[in-house]
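The values are calculated or read from the model by the stated rules, or taken from the named source; none is laboratory data. Bear in mind the structure is a predicted one, so any value in this text is a computation, not a measurement. All Cβ positions, glycine included, derive from the backbone under ideal geometry; neighbour counts span all protein chains shown.
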Amino acid sequence: MLSAIREQSLVGMVSCVEVKSSKEFFEKVMPEKFDPSKASGLDCVVQMNLVGENGGDWEITIRDQKIEIKEGIHPSPTITVKMKGNDYVDMVNGKLSGERAFMTGKLRFKGSMATAMKLRGLGIL
């Protein structure tokens, strides 16, 4: 029981840490944060095109409940997400919700809304 309490405390501490850049999020936070159980049945390639400060191009492949993230541009992604880098950093830090970003035009995507909703559940959107 004590180890469960410690684990909960550590989880709370991790969620309080803010990322400074999309690079930090994709290289350090997302691989640790990824929950394979939430990716059951998901097979997709996500192209993240983040422009401006804190921007970059990232390929995220989710297949067989595993995630692979690398910098670059995929030739035929399942879904493409476009945002300003600073808006994305605000979103992953909880300062901007994915819904608000979409409704205000800060988040645009091309692809399946159902896939986008699954990515939201994984903490990518």
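For the condition at pLDDT below 95 and farther than 17 Å from LEU119 by Cβ, what is the one hit in GLY12, GLY41, GLY56?
On the way: GLY41 fails: farther than 17 Å from LEU119 by Cβ; GLY56 fails: at pLDDT below 95.
Among GLY12, GLY41, GLY56, only GLY12 is at pLDDT below 95 and farther than 17 Å from LEU119 by Cβ.
May I ask you to verify whether GLY52 is touching a residue at least 60 places away in the same chain (Cβ under 8 Å) and either of a type in the set (Asp, Glu) or surrounded by fewer than 18 Cβ atoms within 10 Å (Cβ to Cβ) (or both)? Spell out the reasoning first.
Numbers: touching a residue at least 60 places away in the same chain (Cβ under 8 Å): no; either of a type in the set (Asp, Glu) or surrounded by fewer than 18 Cβ atoms within 10 Å (Cβ to Cβ) (or both): yes.
It is false that GLY52 is touching a residue at least 60 places away in the same chain (Cβ under 8 Å) and either of a type in the set (Asp, Glu) or surrounded by fewer than 18 Cβ atoms within 10 Å (Cβ to Cβ) (or both).
Can you run down the residue pairs with Cβ atoms below 6 Å, 6 or more apart or on separate chains, where the first is in the range 69-85 and modelled with pLDDT under 95 and the partner is assigned to a loop (DSSP other than H, G, I, E, B)?
Cβ pairs passing all conditions: none.
Might you let me know whether the range 90-100 holds any residue that is in contact (Cβ under 8 Å) with a residue 40 or more places away in the chain and buried (at least 19 other Cβ atoms within 10 Å of the Cβ)? Spell out the reasoning first.
So the first thing to find is which residues in the range 90-100 are in contact (Cβ under 8 Å) with a residue 40 or more places away in the chain, and the list is 92-93.
Then drop every residue that is not buried (at least 19 other Cβ atoms within 10 Å of the Cβ), which leaves 92.
Scanning the range 90-100 turns up at least one residue that is in contact (Cβ under 8 Å) with a residue 40 or more places away in the chain and buried (at least 19 other Cβ atoms within 10 Å of the Cβ).
Could you list, in sequence order, the residues of the range 32-76 that are touching a helix residue (DSSP H, G or I) at 6+ places or on another chain (Cβ under 6 Å) and at negative phi? Spell out how you get there, then give the answer.
At the first step, the residues of the range 32-76 found to be touching a helix residue (DSSP H, G or I) at 6+ places or on another chain (Cβ under 6 Å) are 38, 42, 44, 50, 52-56, 58, 62, 65, 69.
Hits for the range 32-76 are LYS38, LEU42, CYS44, LEU50, GLU53, GLY55, TRP58, ILE62, ILE69.
Out of the range 30-88, which residues are among the polar types (S, T, N, Q) and more than 13 Å from the chain's Cα centre (by Cα)?
As a first pass, look at the range 30-88 and keep what is among the polar types (S, T, N, Q): 37, 40, 47, 49, 54, 61, 65, 76, 78, 80, 86.
Within the range 30-88, SER37, SER40, ASN54, GLN65, SER76, THR78, ASN86 meet the criteria.
Looking for something hydrophobic (A, V, I, L, M, F, W, C) and either out of contact with any Pro (no Cβ under 8 Å at 6 or more places or on another chain) or surrounded by fewer than 18 Cβ atoms within 10 Å (Cβ to Cβ) (or both) - is there at least one such residue anywhere in the range 64-72?
Residues of the range 64-72 hydrophobic (A, V, I, L, M, F, W, C): 67, 69.
Now restrict to residues that are either out of contact with any Pro (no Cβ under 8 Å at 6 or more places or on another chain) or surrounded by fewer than 18 Cβ atoms within 10 Å (Cβ to Cβ) (or both): none.
No, there is no match, as no residue in the range 64-72 is hydrophobic (A, V, I, L, M, F, W, C) and either out of contact with any Pro (no Cβ under 8 Å at 6 or more places or on another chain) or surrounded by fewer than 18 Cβ atoms within 10 Å (Cβ to Cβ) (or both).
With respect to THR115, determine if the residue is among the polar types (S, T, N, Q), at pLDDT 95 or above and closer than 23 Å to ALA39 by Cα. Give the steps one after another, and end with the answer.
Values: among the polar types (S, T, N, Q): yes; at pLDDT 95 or above: no; closer than 23 Å to ALA39 by Cα: yes.
No, not satisfied.
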